[in-house]
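Inspection log for the structure reproduced underneath, given as structure tokens.
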Amino acid sequence: MTGQKADDIVTAAFLVIGDEILSGRTKDKNIGFVADYLTSLGIDLKEARIVPDEKEEIVFAVNELRAKYDYVFTSGGIGPTHDDITAESIAEAFGVPLILDPRAVAILEKHYAPGQFTPARQRMARIPEGAELVHNKVSKAPGFRIGNVHIMAGVPSIMQAMMDAIAPSLATGKKMLSETVAADMPESRIAERLAAIQDAHPQTLIGSYPQASEGKFTTQIVIRSRDAALLQAAAHDVAQAVAEITG
């Protein structure tokens with residue numbers, strides 16, 4: 001599935017895997033990146049979920065998400081240590097064997113010095129049977145894709161490189177456009193007008209985001225739509241409402 005799906009909406013979920021995220025020992029830096037990245041492609045990230053390094057939890061989440069969305073992207077748990085169990089969990093979710101993939105072995109054997117491709121590092125060459133490899137230009141250990149699920153590393157620089165490798169293969173929908181109107185007032189003053197404008201423009205999404213600085217409250221109003229004309233019409237009404245309220 002490659003290229004734009006006309007005006008169709010393409011959806012995705014992002015699954016973060018790792019006890020270290022849930023314990024707070026590691027701060028997730030991937031969700032925001034993936035949200036921005038997919039939006040720029042024209043793919044709607046509809047859900048982000050974090051699960052521990054527990055096979056049952058990973059299998060359940062992957063099977064639920066892949067049935068619900070066009071794409072699933074995961075990060076974490078494909079390293080060389082004993083607690084990196086994502087690959088075997090994905091294999092179980094799809095009901096296929098986990099194999100020492102000769103393609104991955106060849107990549108890693110070439111990367112490491114002779115004698116340094118240890119049994120621990122060989123764990124990174126375990127790929128579910130039938131999966132496609134995802135290129136990793138940073139540390140070489142590949143991710144993989146099986147069905148509509150894309151498995152990537154948790155380290156942000158590596159995950160981002162893998163997203164770049166995956167992107168050309170993804171089908172995309174019509175991109176979401178946005179306009180921002182600044183309102184020099186707290187959102188409570190314009191909330192009623194925004195509700196009415198939203199009702200009048202049902203094919204747009206209008207969100208208000210309050211800000212505070214030195215005791216002064218202002219609001220950023222973001223209007224989103226896939227149709228440029230509808231977006232501009234709604235943005236005009238929002239700007240007019242802001243102007244009328246501010247006098």
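Evaluating Lys68 against the criteria (1) farther than 26 Å from Ala120 by Cα; (2) out of contact with any strand residue (DSSP E or B) (no Cβ under 9 Å at 6 or more places or on another chain); (3) basic (Lys, Arg) leaves one unmet condition, (2). Taking Ala91, is it of a type in the set (A, V, I, L, M), in the same structural domain as Ala153 (by TED's automatic domain parsing) and in contact with a helix residue (DSSP H, G or I) (Cβ under 7 Å, 6 or more places away or on another chain)? When the stated conditions are applied, Ala91 does not pass them.
Restricting Asp44, Asp84, Asp70 to those that are over 13 Å from the mean Cα position of the chain (by Cα) and among the acidic types (Asp, Glu) reduces the list to Asp84. Residue count for the range 199-223, restricted to those that are over 26 Å from Thr11 (Cα atoms), free of Cβ contacts under 8 Å to residues at least 12 places away in the same chain and either among the polar types (S, T, N, Q) or not in a loop (DSSP other than H, G, I, E, B) (or both): 4. Would you please name the residue that is modelled with the lowest pLDDT, looking only at residues in the range 3-51 that are buried (at least 17 other Cβ atoms within 10 Å of the Cβ) and in a loop (DSSP other than H, G, I, E, B)? It comes out as Gly42. Exactly one residue among Val181, Val149, Val134 is buried (at least 19 other Cβ atoms within 10 Å of the Cβ), in the same structural domain as Val222 (by TED's automatic domain parsing) and under 26 Å from Gly32 (Cα atoms), and that residue is Val181.
Residue by residue through the range 166-198, note down the ones that are in a helix (DSSP H, G or I), over 23 Å from Lys46 (Cβ atoms) and in contact (Cβ under 8 Å) with a residue 24 or more places away in the chain. Steps first, answer last, please.
At the first step, the residues of the range 166-198 found to be in a helix (DSSP H, G or I) are 166-169, 187-198.
Those left that are additionally over 23 Å from Lys46 (Cβ atoms): 187-197.
Within the range 166-198, Glu187, Arg189, Ile190, Arg193, Leu194, Ile197 qualify.
Filtering the range 152-162 to residues that are more than 25 Å from Val59 (Cβ to Cβ) and surrounded by 17 or more Cβ atoms within 10 Å (Cβ to Cβ) leaves Gln160, Ala161.
Here is a check on your reading of the model: is Thr81 in contact (Cβ under 8 Å) with a residue 12 or more places away in the chain and more than 22 Å from Ile43 (Cβ to Cβ)?
Values: in contact (Cβ under 8 Å) with a residue 12 or more places away in the chain: yes; more than 22 Å from Ile43 (Cβ to Cβ): yes.
Yes.
Which of the residues spanning the range 163-176 are closer than 19 Å to Phe94 by Cβ and surrounded by 15 or more Cβ atoms within 10 Å (Cβ to Cβ)? So that I can check it myself, show each step before the final result.
First, the residues of the range 163-176 that are closer than 19 Å to Phe94 by Cβ: 166, 169.
Matches in the range 163-176: Ile166 only.
The values are calculated or read from the model by the stated rules, or taken from the named source; none is laboratory data. This one's a predicted model, so the numbers in the text were calculated from it and none came from an experiment. Glycine gets a Cβ as well: all are built from the backbone with ideal geometry, and neighbour counts include every protein chain shown.
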